[in-house]
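The values are calculated or read from the model by the stated rules, or taken from the named source; none is laboratory data. Please read all numbers here as calculations on a predicted model, not as lab measurements. Reconstructed Cβ throughout: ideal geometry from the backbone, glycine too, with neighbour counts over all protein chains shown. Keep in mind that these areas ignore ligands, DNA and RNA; they rest on the heavy atoms of the full protein, side chains included. Shrake-Rupley method; radii C 1.70, N 1.55, O 1.52, S 1.80 Å.
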Amino acid sequence: MLRRLVVLFACLALFPALPARADPADIDAAARGVVRVIIVEKDGDQLVPVSHGTGFAVTPERIVTNSHVVEQAKQDPNLYIGIVPSDGGEAVYGRLVSVSQRNDLALVATTKAMHLPPLTISGNPSTESGAVVAVGYPQNVDRAQGLNMADLFRSQPPVESNGSLAGRRPSREFDTLLHTAPIAR
């Protein structure tokens, strides 16, 4: 019996290991917590998009985005932050809670309840290589699809892009994970 197990393990060693894949249901669940963050200007009764980016829910009414996405709204009191959910819910305004220019992160609170599903953030990510999926709303994809200004305010599924974990860069304050999933320029 032992001899058969040794032969079986020897045969299995000849086949390359398959990379781990995220369950599509997990990716779909995460995508529901991803939002489009739009910087808008009011022109009379109309809202005019100035720029936009991606954010994700960390609580049902708190969004993390990049500070460069909301920088214009932080500098100009005539600009507002809009949050458009991916799942067909109503767009609402947001207000800045905190900004870290150094880390290029911003925390935005919604002004009305959105009941977004928060994404789970791992404090202990894998250091091994593996599959990753980037999910978001890159401007260059929206432009390539010919979306008009009104389209930006409508719920749409985010872009999903596959890649792999490419490396890790530790630092004193936080580690950075590098990946190859192309999502924007």
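Quick notes
- Among strands (runs of 3 or more DSSP E) entirely within segment 45-152, having at least 2 residues that are not β-branched (Val, Ile, Thr) singles out 46-59, 79-85, 92-100, 105-110, 131-136.
- Condition check for ILE39: open to solvent by less than 20 Å² (accessible area, probe 1.4 Å), over 17 Å from GLN156 (Cβ atoms) and not small (Gly, Ala, Ser): yes
- Remark: GLY130 falls outside the filter, which requires a residue to be at pLDDT 85 or above, surrounded by 14 or more Cβ atoms within 10 Å (Cβ to Cβ) and either touching a His at 6+ places or on another chain (Cβ under 8 Å) or not aliphatic (A, V, I, L, M) (or both).
- Scanning segment 20-44 for residues that are more than 19 Å from LEU105 (Cα to Cα) and assigned to a strand (DSSP E or B) gives VAL40, GLU41, LYS42, ASP43.
- When segment 29-73 is filtered for residues that are among the charged types (D, E, K, R) and more than 22 Å from ASN148 (Cβ to Cβ), the ones remaining, listed by number, are ARG32, GLU61, ARG62, GLU71.
- Selection status of VAL40, more than 17 Å from the chain's Cα centre (by Cα), at pLDDT 85 or above and within 22 Å of ALA184 (Cβ to Cβ): yes
- Scanning segment 154-165 for residues that are outside any loop (DSSP other than H, G, I, E, B) and at pLDDT below 80 turns up nothing.
- Count of segment 67-78 residues which are exposed (fewer than 11 other Cβ atoms within 10 Å of the Cβ) and closer than 15 Å to VAL35 by Cβ: 0
- Within segment 79-102, the set of residues being surrounded by fewer than 14 Cβ atoms within 10 Å (Cβ to Cβ) and in contact with a helix residue (DSSP H, G or I) (Cβ under 8 Å, 6 or more places away or on another chain) comprises SER100, GLN101.
- Residues in segment 166-185 that are among the hydrophobic types (A, V, I, L, M, F, W, C) and part of a loop (DSSP other than H, G, I, E, B): PHE174, ALA181, ILE183, ALA184.
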